[in-house]
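Peer 1: Questions regarding the structure given below will be posed in turn.
Only the coordinates and a few stated rules stand behind these numbers; no lab work does. Remember, predicted model here, so these are calculated numbers, not experimental data. FYI the Cβ positions are ideal-geometry reconstructions off the backbone, even for glycines, and counts take in every protein chain you see.
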Amino acid sequence: MLKGKLCDNCKTRRAEVFQPHTNRMLCRECFIEDINKRVMNEIKRWNMISSDDTILMALSGGKDGYVLLDVLSRNFKSNKLVALNIIEGIHGYNKEEDAKILARTVKDMGIDVIITSAKDYTGYSVDEIVKKSIEKGTGLTPCTYCGLIRRRIMNYYAREIGANKLATAHNLDDESQTALINILKGDLASLIKQHPSAKVIDDDMLVQRIKPLRKIYEWETATYSFLKGFHIQETECPYLELVPTLRAKIRRELYRFERENPGALLKFIGLIDDIVENIRTQEKPRLGRCIKCGEPTALGRKYCKLCEMLSDIGIESPRYLNIRKRGIVV
Ligand SMILES: [Zn+2]
Ligand SMILES: [Zn+2]
């Protein structure tokens, strides 16, 4: 279809990518420019980053993280950016070679990278925790533990390096799925929390999270990575088949809907943004502290969710503290 056609934007170079939601055929350069421009527009629109911010970027070795890294490093000073790679400790998924390539790619861009693991932080790998969870019959999915641990580690390192923004590489598909799940569950609080200008929780131990890729389609991050020649970690997490069926179904249906109605997800998230902006509360929620680890937790709770979940599977004294020494800054 694209053979021999010229780019609809510059009208000089050969078109390589069809972009259904704009019905344009773009050359490599114009496509990459388009993504950069849209990410920067979103950052500016919600004031995600200001010039004196230090940003910790969480990278998993997948396509989305590399796009985030590339866009931020093109548009912000490298000494204001630090990458973080968390090795979950999942058999067959975390490969040493992938972590090495990621570290090299990030360093080649002149950016520091911290490589750490679930085991460094808690004393246990995700596999070990999942095994305990199955033995205890908790009924919780591996993603619940993994997500909680990763969020904790990201926040911990952001504080450690003095970063005031924590950037994750969630794309438009991820955000649309989450928004729809929140709507179907009637969970207004979570829907509001997803919004980029939701009131940041007023707590000096929690670093503000930003999602600069929230308006970029997943196929676009895949195409960008391909055009840039990034080495993408191809292995899927073996626990993915245990993902709650609601998300799997929603993902499938949203893909189908977007295919039949190009641009639908962009309009959907745009609408959610408008609605939430009008209803979000002005009150900033406050947090308490976990009496075991000292990390923030909901006001009135004795233990944080992570301490509670680990204790439920028999892990009473996670390693937690002094992991600074163990994290490797390459
Ligand atoms: Zn072009
Ligand atoms: Zn705790």
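Peer 1: Within region 52-66, name every residue whose backbone N is under 15 Å away from a label modeled 7 Å from Cα of Arg74 along the Cβ vector.
Peer 2: 64-66
Peer 1: Another question, if that's okay. So, R0 is 22 Å and r is the distance between the beta-carbons of Ala298 and Lys185; what FRET efficiency does that work out to, to 0.05?
Peer 2: 0.75
Peer 1: In addition: If I histogram all Cα-Cα distances within region 132-238 using bins 10 Å wide from 0, what percent of pairs lands in each bin?
Peer 2: 12, 31, 38, 18, 1
Peer 1: Right, something else. If we count GluC sites (Glu not before Pro) as exposed when they sit in a DSSP loop and have at most 10 other beta carbons within 10 Å, what is the longest stretch of the chain that avoids them all?
Peer 2: So the longest stretch without any such site is 1-233.
Peer 1: With the chain treated as a Gaussian network of Cα nodes joined by springs under 10 Å, which of Val71, Val243, Val106 yields the largest mean-square fluctuation?
Peer 2: Of the options given, Val243 has the highest mean-square fluctuation.
Peer 1: Using Cα pairs under 8 angstrom and six or more residues apart, how large is the relative contact order of the chain, in percent?
Peer 2: 22
Peer 1: Same structure, new question: Give the percent of DSSP beta bridges with both residues in the chain that are antiparallel, rounded to the nearest 5.
Peer 2: Bridges in the chain are about 35 percent antiparallel.
Peer 1: Residue separation times 0.36 nm, minus the C-alpha to C-alpha distance between Lys11 and Lys95: what's the value?
Peer 2: 26.0 nm
Peer 1: Can you give the angle from 0 to 90° between the axis of helix 264-279 and the longest principal axis of the chain, with both taken from C-alpha atoms, to the nearest 10?
Peer 2: Approximately 50 degrees, to the nearest ten.
Peer 1: Okay, moving on. Determine the distance separating the Cα centre of region 90-122 from the Cα centre of region 170-205; give it in Å without decimals.
Peer 2: With region 90-122 and region 170-205 each reduced to a Cα centre, they are spaced 28 Å.
Peer 1: Also, I was wondering about something else. To test your reading of the geometry: what angle, between 0 and 90 degrees and rounded to tens, separates the Cα axis of helix 28-45 from the longest principal axis of the chain?
Peer 2: Roughly 50 degrees, rounded to the nearest 10.
Peer 1: With Cβ to Cβ distances under 15 Å as the rule, what net charge do the other residues near Glu128 carry (K, R +1; D, E -1)?
Peer 2: Residues near Glu128 contribute -1 overall.
Peer 1: Please compute the modelled spin-label separation between Arg24 and Asn261, points set 7 Å along Cα→Cβ, answer in nm with one decimal.
Peer 2: Here the answer is 2.4 nm between the modelled labels.
Peer 1: Ok, one more. What's the angle, to the nearest 10 degrees (0 to 90), between helix 172-184's Cα axis and the longest principal axis of the chain?
Peer 2: Orientation of helix 172-184: about 60 degrees from the principal axis.
Peer 1: Then there's this: How large is Rg/Rh for region 31-131, to two decimals, with Cα atoms and a Kirkwood Rh?
Peer 2: That ratio equals 1.03.
Peer 1: Treat each spin label as a single point 7 Å out from the Cα along the C-beta direction, and report the Arg286 to Lys131 distance in nm.
Peer 2: About 4.4 nm, to one decimal.
Peer 1: Next up: Can you divide the C-alpha Rg of the chain by 2.2 N^0.38 Å and report the result to two decimal places?
Peer 2: 1.02
Peer 1: What distance in nm separates the two pseudo spin-label positions at Lys228 and Ala248, each 7 Å out from Cα along the beta-carbon direction?
Peer 2: Going from the Lys228 label point to the Ala248 one covers 3.1 nm.
Peer 1: Then there is this: Cut-off 10 angstrom, C-alpha nodes, Gaussian network model of the chain. Which of Leu206, Leu140, Leu81 fluctuates the most?
Peer 2: Leu140
Peer 1: At 222 nm, what helix-only mean residue ellipticity would the chain give, in deg cm²/dmol to the nearest 500, using -39500 (n - 2.57) for each DSSP H run of four or more?
Peer 2: Here the helix-only value at 222 nm equals -14500 deg cm²/dmol.
Peer 1: I've got another one for you. Add +1 for every Lys or Arg and -1 for every Asp or Glu among the other residues with Cβ under 12 Å from the Cβ of Arg289, and state the total.
Peer 2: +1
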